[in-house]
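*Asks:* What follows is a single structure, and I will ask about it in a moment.
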Ligand code: 13P
Ligand code: ZN
């Protein structure tokens with residue numbers, strides 16, 4: 001059996017959590033990541049028949065039964081994952097009943113997965129139905145995206161459109177737009193269900209006055225989506241902070257030109 005601490009998926013989790021921490025998006029225990037793994041890749045490092053303990057999921061995740069995930073722990077700091085992955089991360093499998101997670105590795109201090117597990121798993125279900133290659137759900141608190149929530153309407157079309165206008169690349173990266181939820185209490189099934197509903201349409205979901213979710217087929221894709229939103233939000237806030245009138249913007253005709261040139265399908269109803 002190979003050393004789990006050298007598994008590429010553990011390395012990826014170490015790299016991305018530290019990267020996100022240094023971006024300032026994951027203060028204290030802020031943020032969480034879940035990354036779906038294949039049984040074959042886990043079995044190279046762990047005896048998949050050896051369950052350390054079981055943890056209730058708190059909802060019906062039977063759509064994901066038999067699926068493996070590496071997930072950040074609740075209350076754990078992204079900045080600490082690199083030095084102690086076995087305490088700050090866990091590898092779980094969703095059991096047959098869908099209401100139990102089987103812990104195969106990690107959470108070494110007796111901990112458990114993120115309090116946002118419902119939002120993560122429900123989002124995985126929603127995204128897998130849209131895209132069988134989907135693998136990653138990532139949540140964090142990016143500073144400028146969050147700042148923008150205080151001065152911009154929390155509306156899918158309006159929020160997306162404002163960001164599309166800030167950088168030419170935005171239309172290329174997220175032509176499908178961003179879903180925006182109002183402020184809601186976090187860490188429960190209700191916000192999980194609301195997030196998953198948005199995930200039927202969007203790979204990106206803003207949690208009003210809280211943070212953002214990005215998804216994708218791998219860590220780079222989920223991170224890249226959030227990074228691009230955050231860059232555009234930074235520009236939005238920089239421009240807004242000057243108090244100067246905007247003399248230029250990328251208009252709807254230009255946004256359509258970008259979408260045509262890069263062969264992406266823009267949400268036409270968001271070209272408001
Ligand atoms: P966890 O520590 O439970 O992952 O929560 C962090 C967070 O960002 C809550 O939304
Ligand atoms: Zn959060």
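*Asks:* Note down all Cβ pairs under 6 Å where the first residue falls in segment 20-32 and is in a loop (DSSP other than H, G, I, E, B), the second is more than 10 Å from ligand 2 (Cβ to nearest atom), and they're at least six residues apart or on different chains.
*Replies:* If the second residue must be more than 10 Å from ligand 2 (Cβ to nearest atom), the pairs left are 24/143; 25/142; 26/20; 26/78; 29/75; 29/76; 29/77; 31/78.
*Asks:* Residue 121: crowded, with 24+ Cβ neighbours inside 10 Å and within 14 Å of the chain's Cα centre (by Cα), yes or no? Lay out the reasoning, then the answer.
*Replies:* On the way: crowded, with 24+ Cβ neighbours inside 10 Å: yes; within 14 Å of the chain's Cα centre (by Cα): yes.
For residue 121, the condition - crowded, with 24+ Cβ neighbours inside 10 Å and within 14 Å of the chain's Cα centre (by Cα) - is met.
*Asks:* Of the residues 72, 54, only one is surrounded by fewer than 17 Cβ atoms within 10 Å (Cβ to Cβ), modelled with pLDDT of 95 or more and part of a strand (DSSP E or B); which?
*Replies:* Answer to the selection: 54.
*Asks:* Here's a follow-up. Which residue is nearest to residue 216 (Cα to Cα), if the candidates are limited to segment 142-154 and must be away from ligand 1 (no atom under 16 Å from the Cβ) and out of contact with any strand residue (DSSP E or B) (no Cβ under 6 Å at 6 or more places or on another chain)?
*Replies:* Here the residue is 144.
*Asks:* Does residue 11 meet the test of being closer than 23 Å to residue 133 by Cα, without any contact (Cβ under 8 Å) to a residue 12 or more places away in the chain and either assigned to a loop (DSSP other than H, G, I, E, B) or more than 16 Å from ligand 1 (Cβ to nearest atom) (or both)?
*Replies:* yes
*Asks:* What is the residue count in segment 142-153 for residues that are more than 27 Å from residue 12 (Cβ to Cβ) and within 16 Å of ligand 2 (Cβ to nearest atom)?
*Replies:* Adding up the residues that qualify gives 2.
*Asks:* Just checking, how many residues over segment 44-73 are farther than 15 Å from residue 91 by Cβ and out of contact with any helix residue (DSSP H, G or I) (no Cβ under 7 Å at 6 or more places or on another chain)?
*Replies:* Qualifying residue count, segment 44-73: 4.
*Asks:* For segment 104-141, give me each residue that is assigned to a loop (DSSP other than H, G, I, E, B), touching a strand residue (DSSP E or B) at 6+ places or on another chain (Cβ under 6 Å) and within 16 Å of ligand 2 (Cβ to nearest atom).
*Replies:* 114, 116, 141
*Asks:* Turning to a different aspect of this structure: One residue is enough: does segment 33-42 have a residue meeting the conditions within 17 Å of the chain's Cα centre (by Cα), within 16 Å of ligand 2 (Cβ to nearest atom) and closer than 27 Å to residue 147 by Cα? Steps first, answer last, please.
*Replies:* Residues of segment 33-42 that are within 17 Å of the chain's Cα centre (by Cα), as a first pass: 33-37.
Adding the requirement that they be within 16 Å of ligand 2 (Cβ to nearest atom) leaves 33-34.
After this cut, where a residue has to be closer than 27 Å to residue 147 by Cα as well, the list is 33-34.
The answer is yes, given that some residue of segment 33-42 is within 17 Å of the chain's Cα centre (by Cα), within 16 Å of ligand 2 (Cβ to nearest atom) and closer than 27 Å to residue 147 by Cα.
*Asks:* Any idea how many residues of segment 175-200 are touching a strand residue (DSSP E or B) at 6+ places or on another chain (Cβ under 6 Å) and away from ligand 1 (no atom under 13 Å from the Cβ)? Write out each step before concluding.
*Replies:* Taking segment 175-200 first, the residues touching a strand residue (DSSP E or B) at 6+ places or on another chain (Cβ under 6 Å) are 178-181, 194-195, 198.
Add one more test, that the residue is away from ligand 1 (no atom under 13 Å from the Cβ), and what stays is 178-180, 194, 198.
So the answer is 5.
*Asks:* If you don't mind, there's one more thing I want to ask. Quick one: residue 89 ticks every box in (1) buried (at least 17 other Cβ atoms within 10 Å of the Cβ); (2) more than 14 Å from ligand 1 (Cβ to nearest atom); (3) over 20 Å from residue 192 (Cβ atoms) except a single one, so which number is it?
*Replies:* So the condition that residue 89 fails would be (2).
*Asks:* Let me ask you something else. Among the numbered criteria (1) surrounded by fewer than 19 Cβ atoms within 10 Å (Cβ to Cβ); (2) more than 18 Å from residue 218 (Cβ to Cβ); (3) under 18 Å from the mean Cα position of the chain (by Cα), which one does residue 15 miss?
*Replies:* Failing condition for residue 15: (2).
*Asks:* Looking at segment 148-171 only, could you name the residues that are buried (at least 17 other Cβ atoms within 10 Å of the Cβ) and closer than 16 Å to residue 255 by Cα?
*Replies:* Passing the criteria: 159, 160, 161, 162, 163, 164, 165, 166, 167, 170, 171.
*Asks:* Could I ask something else about it? Kindly list, by first and then second residue, each pair from a residue in segment 101-118 that is farther than 20 Å from residue 49 by Cβ and without any contact (Cβ under 8 Å) to a residue 24 or more places away in the chain to a residue that is within 16 Å of ligand 2 (Cβ to nearest atom) and assigned to a strand (DSSP E or B), limited to pairs with Cβ atoms under 9 Å and residues at least 6 apart or on different chains.
*Replies:* Listed pairs, sorted by first residue: 109/73.
*Asks:* Another question, if that's okay. Quickly run through segment 33-43 and pick out the residues that are buried (at least 18 other Cβ atoms within 10 Å of the Cβ) and either free of Cβ contacts under 8 Å to residues at least 12 places away in the same chain or out of contact with any helix residue (DSSP H, G or I) (no Cβ under 7 Å at 6 or more places or on another chain) (or both).
*Replies:* Passing the criteria: only 42.
The values are calculated or read from the model by the stated rules, or taken from the named source; none is laboratory data. Values in this document were obtained by computation on a predicted structure and should not be read as measured data. Heads up, the Cβs are rebuilt from the backbone with ideal geometry, glycines too, and the neighbour counts pull from every protein chain shown.
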